[in-house]
Structures are given as C-alpha cells and as structure tokens.
Amino acid sequence: MKIYTIDEILTKLSECISEDKPFSHIRFGDGGIKFIHAVLFNDIEQLKIIVKKEGIPYSMINEVFELWGYYTRRADFIDCPEVYFGEHFWPRMRGEGKSMTQKTAERMSMWKVLYRNAEFDNDSYCNPESNYLMLLRDVFDYNLLYLMKNRKIGIITAKPQIESYLIDQGYNVEVIDIVGHYQDQYNNSFKKVISIIEKDAKKYDFWLIAAGELGRLYTGYIKECGGRAVDIGFVIEFWLGENLHNRLTMFMNRSSVNPMEIELTEKGKIFKNFI
C-alpha cells in the first residue's frame, strides 16, 4: 500500500489553490479509530466518553458516523495508522520508553477492518502525524507555512487567540470560533460553522481545521462547497507555545530558527526520506 508523502500532499494542495479546485485532508488518529470501533462494536461506555468530550449528541452518533464515511470517500487524503507498524516511520508511543497502551495498540492494529466496515473506500493514505510533518523545516521544497504566505486563510478553532498571533507573524487569517471540549460543540457551534462554510467556503485560499471529531465534517463540507481544507489538529496549540506531545519529542522538536516550524532530531532524521 502507498502512503503519500508530505511533499505530495502539499504539492496537490498548491495545485488545487492555483487551479481553484476543491481539496480535503482528513485525519482520524487514535481518537477517530476509537470512535469507529465504539460505533461498530456498540461500545456504549466508550461512546459516552467520546460524545461528552466532543460535544456530539448521543442521538447524532450514527449521522456523524455516516457523514464521516461520505466525506472520507471524497477526500484527497485520509490518514491511516499503518505507518506505526512498519520500518519507515517511528513507532507510535506515549513518550520516551513508553509504548502505546494495549487497548490503543489493539484498536489501531485493526484499522483496515474498521475502515472497511465504516465504508471508508479511499486508499489515498497519509501519515497520521501529517499535520505536524507539514511544518518541517528544510525537508521539502516548501512547507505549510510557505503556502500560507500571501494567501487568505480561514481557521476553525476553539483557540481564537491564534488569529492575532498569526496576523502579527504576517499571515492573512480569519478565525471562526467554536467552543472547546466538554462544551457541547454540536449545539453551540456546529450550525453556525456549517452556515459560514456554505456562504464562505471559497472565500479563503484554504482553511485550517482544529475542531476535534466534528472537525472532520467541517473539512469534508468545505470541499463539498468548493473550498480547500487541511486538518491541523493540535498544531494551533503548538503555534501558541505549547510543547509537542511526548510521543513526538524524541523525533522532532520546535525549530531553533522559526518557532512556528519543526525540525527533525537525530532519531527523526533516520526516517527523513520516507516522510
């Protein structure tokens, strides 16, 4: 199976911007895998935890799940955990010397079964860490920050302070603010965001989405409406000064040249040619 490189993803995004074509990049990560598993295997306790955190009404679980499948089948790139189980990328860890929990490892190792049963009929796979890898410095011809320069960017996030930060850095951005975890995102933000996407999907050169499990619906709907969207997840927190997750710091870290970029460590450089 092919895992598309970051260079290939960024190149296609750049081409879609230039040619005014729709584009979507959707990541599920371990959170998405757990949600898929919980729906398919009727894991009520897991579902209760997820919907409370993500602000999804319990009555909407099946509809959200069906929409995930719909938008995934139409996405330009979707992530898959296969990279963690091969030799061309570093293993998924909780931190240095700490492997995945047994439960997480079991869920992620059965991703093919979960994707097939969820009808994610799309084999344009990318790395689950592609949001961070897009910020790597001096690895590709250009990175995500390069593509953001001199372009109009929409951002969907619960961290509205990123707007003034990025404007100060010279970027032309507008934030669509949503509520955060445990704040009932579906009832308090979802309809507003969908309405804005319907009206403004093509207003921006591309969108950056940091909105949890419902964010995958925003990403897919932006493409449906003719726009372009990249799932960047916790990159927003990284830009606002938070450290990378412990699972990543052995392999990459904040750039000493530009704090918005990332550099590979010596252990990370082993995998440079496969990223």
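The numbers here are math on the coordinates, done by the rules we state, and not lab data. The model shown is predicted, which means the values in this text are computed figures rather than measured ones. When we count neighbours, we look across all protein chains shown, and the Cβ atoms used for this are built from the backbone with ideal geometry, even at glycine.
Below are the figures for this structure:
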item: Pair list, Cβ under 6 Å, 6 or more apart: region 214-239 residue basic (Lys, Arg), other residue assigned to a loop (DSSP other than H, G, I, E, B); result: Lys223/Pro22
item: Qualifying residue in region 185-196 (condition: under 20 Å from the mean Cα position of the chain (by Cα) and of a type in the set (S, T, N, Q)); result: yes
item: Pairs, first more than 23 Å from Tyr84 (Cα to Cα) in region 251-269, second β-branched (Val, Ile, Thr) and crowded, with 18+ Cβ neighbours inside 10 Å, C-beta under 7 Å, six or more apart; result: Ser255/Ile262
item: Elements of type helices (runs of 4 or more DSSP H) in region 120-234, at least 2 residues being surrounded by 23 or more Cβ atoms within 10 Å (Cβ to Cβ); result: 130-133, 212-224
item: Among (1) more than 30 Å from Leu264 (Cβ to Cβ); (2) hydroxyl-bearing (Ser, Thr, Tyr); (3) within 20 Å of the chain's Cα centre (by Cα), the one test that Tyr132 misses; result: (1)
item: Positions within region 113-159 being in contact with a Ser or Thr (Cβ under 6 Å, 6 or more places away or on another chain) and among the charged types (D, E, K, R), in sequence order; result: Arg137
item: Pair list, Cβ < 7 Å and 6+ apart or interchain, from region 42-63 residues that are closer than 15 Å to Leu214 by Cα to residues that are hydroxyl-bearing (Ser, Thr, Tyr); result: Val51/Tyr58; Lys52/Tyr182; Lys53/Tyr182; Gly55/Tyr186; Ile56/Tyr186; Pro57/Tyr186; Met60/Tyr186
item: Residues located in region 1-19, provided they are in contact (Cβ under 8 Å) with a residue 40 or more places away in the chain and touching a Lys or Arg at 6+ places or on another chain (Cβ under 8 Å); result: Leu13, Cys16, Ile17
item: Test: Glu174 is free of Cβ contacts under 8 Å to residues at least 24 places away in the same chain, in contact with a strand residue (DSSP E or B) (Cβ under 7 Å, 6 or more places away or on another chain), over 21 Å from Ala75 (Cβ atoms) and among the acidic types (Asp, Glu); result: no
